[in-house]
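Q: Quick one: the structure is below, and I'll ask about it shortly.
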Amino acid sequence: MSITSQNEKKDEAEARRLAVRENAKRVLRDSGLAQMLQAINKEQLKGRGTFEEYDSMVLFRWGSGTTRRHIWVEINGNTIRFRLSPHRKCGMPTPQCDGEYHTFTSSMWANRKLLQAELHKYYAKPVAESSDD
């Protein structure tokens, strides 16, 4: 493989990564979820939470030592997925549940009250981090 060909593949991969990142920013902004997470950090945690941003994921952490908690949010296309503690599949139609994630389609997250209510549940009962995180 030539150097030019390798560089083109790297450029294509970087363009795909940036497209995924820009889409995630758009969904977080359009859904209002970014603002909701920042409000929790500001109002309820008094700014003690931290955000780790990845191309299509945000990890919101707070607490310390044995009280360390987090909310794990992934963007996949136009869907928002909240990672859960392993559990049995929920029977409720909204959000969609596969036992590992609660998924909100764009029509679901367009209802900000529904998204905010779900986010409140995840904040009130967050996933605890294991010691190997």
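The values are calculated or read from the model by the stated rules, or taken from the named source; none is laboratory data. Predicted, not measured: the structure shown is a model, and the values here were computed from it. Here Cβ is always computed from backbone atoms with ideal geometry, including for glycine, and neighbour counts include all displayed protein chains.
Q: Within the stretch 19-33, restricting attention to residues that are assigned to a helix (DSSP H, G or I) and in contact with a Phe, Trp or Tyr (Cβ under 9 Å, 6 or more places away or on another chain), which residue is surrounded by the fewest Cβ atoms within 10 Å (Cβ to Cβ)?
A: Here the residue is Asp30.
Q: Residues in the stretch 35-77 that are among the aliphatic types (A, V, I, L, M), in a strand (DSSP E or B) and out of contact with any strand residue (DSSP E or B) (no Cβ under 6 Å at 6 or more places or on another chain): how many?
A: Summing the residues that are among the aliphatic types (A, V, I, L, M), in a strand (DSSP E or B) and out of contact with any strand residue (DSSP E or B) (no Cβ under 6 Å at 6 or more places or on another chain) in the stretch 35-77 gives 1.
Q: Which pairs turn up if I take residues in the stretch 48-60 that are within 17 Å of Arg26 (Cα to Cα) and without any contact (Cβ under 8 Å) to a residue 60 or more places away in the chain and look for partners that are basic (Lys, Arg) and loosely packed, with under 15 Cβ neighbours inside 10 Å with beta carbon separation below 9 Å, at least 6 apart in sequence or on another chain?
A: Asp55/Arg17
Q: Out of curiosity, is Leu119 in contact with a helix residue (DSSP H, G or I) (Cβ under 9 Å, 6 or more places away or on another chain), over 16 Å from Trp62 (Cα atoms), at pLDDT 85 or above and surrounded by 14 or more Cβ atoms within 10 Å (Cβ to Cβ)?
A: Against the criterion (in contact with a helix residue (DSSP H, G or I) (Cβ under 9 Å, 6 or more places away or on another chain), over 16 Å from Trp62 (Cα atoms), at pLDDT 85 or above and surrounded by 14 or more Cβ atoms within 10 Å (Cβ to Cβ)), Leu119 does not qualify.
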